[in-house]
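I have placed the structure first, in the form of structure tokens, so that the comments after it can refer back to it.
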Amino acid sequence: MGARLVIMGPPGVGKGTQGELLAERFGVPRLSTGDMIRAALEAGTPLGERVRAYYEAGELVPDEVVLGLVAEAFDGSEASGGFVLDGFPRTVPQADGLGELLAARGIGLDAVLSLEAPEEELVDRISGRRVCAACGLVTHVRAVGEAAACPDSDCRAGLIQRSDDRAETVRNRLAVYGAQTEPLLAYYARSETGLTAVDGTGTLEAVRDRLFETLRTAEMAG
Ligand code: ADP
């Protein structure tokens, strides 16, 4: 069963984690522009060098760069059976660009999901977030303590903090979200697909179940 989904929400709300669970559930790839950008930064490609300063300051990278990355992912056969877009679109021009990419392929979106949580919870989740430098696992200091090794018993590499997860950058990312991305909620609410808001508080499993249930109900209604 394919699906064409967008998962939106502020930094730290759990888009990546829940986007991955949705992608697994529907058997489609998760296309995360944040992951694409981090891969370019790590590989030190010219594109990576071009966007490093934006990324580290918690600013958005230019729309044309991100649209190029998404177009490339769409052109690979990977996304032909559906996708979960995570962290994209983030600006009105990106949403317009996505509309054009979809229209050119004769397809539409099945749902635009908006995950929501109060700001204190977002700051706590992001500032405590740790990622494994080797396998990419994402966890929280609450679960593993400070300076821990990767909890995956086959990995055990060191956990690090993402360079844009430092406290001063986090505040900027939240401000950027409010100024540039929040207007997209109204944009999609007015669109043919509509906007589906989902409560992002509680455990990972509780949020997952809420998302699955919301999509199941929407399918039955549609
Ligand atoms: P989060 O949603 O927690 O901020 P992401 O991995 O989605 O994490 O994004 C991290 C950073 O990557 C952003 O602060 C921004 O610099 C860059 N980025 C990711 N997606 C986009 C996008 N669609 N447009 C512009 N910049 C982006």
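Is at least one residue of region 68-90 touching a Pro at 6+ places or on another chain (Cβ under 6 Å) and open to solvent by 20 Å² or more (accessible area, probe 1.4 Å)? Yes, that holds for at least one residue.
Out of Ala157, Ala147, one residue alone is in contact with a strand residue (DSSP E or B) (Cβ under 9 Å, 6 or more places away or on another chain) and at pLDDT below 90. It is Ala147. If I filter region 1-37 down to residues being open to solvent by 50 Å² or more (accessible area, probe 1.4 Å) and not hydroxyl-bearing (Ser, Thr, Tyr), which single residue comes out as farthest from Arg210 (Cα to Cα)? Among those residues, the one meeting the criterion is Asp35.
For region 104-125, the count of residues that are over 24 Å from Gly12 (Cα atoms) and β-branched (Val, Ile, Thr) is at least one.
Return yes or no: is Ala147 within 18 Å of the chain's Cα centre (by Cα) and open to solvent by 40 Å² or more (accessible area, probe 1.4 Å)? So Ala147 does not fit the description; no. A count restricted to region 85-133 and to residues that are more than 21 Å from Ile37 (Cβ to Cβ) and not in a helix (DSSP H, G or I) stands at 14. Can you say whether Val28 is touching a residue at least 24 places away in the same chain (Cβ under 8 Å), within 25 Å of Glu182 (Cα to Cα) and touching a strand residue (DSSP E or B) at 6+ places or on another chain (Cβ under 9 Å), as far as the supplied structure shows? Criteria not met by Val28. The residues of region 20-34 that are within 12 Å of the ligand (Cβ to nearest atom) and either out of contact with any Gly (no Cβ under 8 Å at 6 or more places or on another chain) or of a type in the set (Phe, Trp, Tyr) (or both) amount to a single one, Leu31.
The values are calculated or read from the model by the stated rules, or taken from the named source; none is laboratory data. Everything numeric here is computed off the predicted structure, so don't read it as measured data. Positions of Cβ are generated from backbone atoms using ideal geometry, with glycine treated the same way; all protein chains shown enter the neighbour counts. When the accessible area is computed, the model is the full protein with side chains, heavy atoms only, and any ligands, DNA or RNA have been set aside. Shrake-Rupley method; radii C 1.70, N 1.55, O 1.52, S 1.80 Å.
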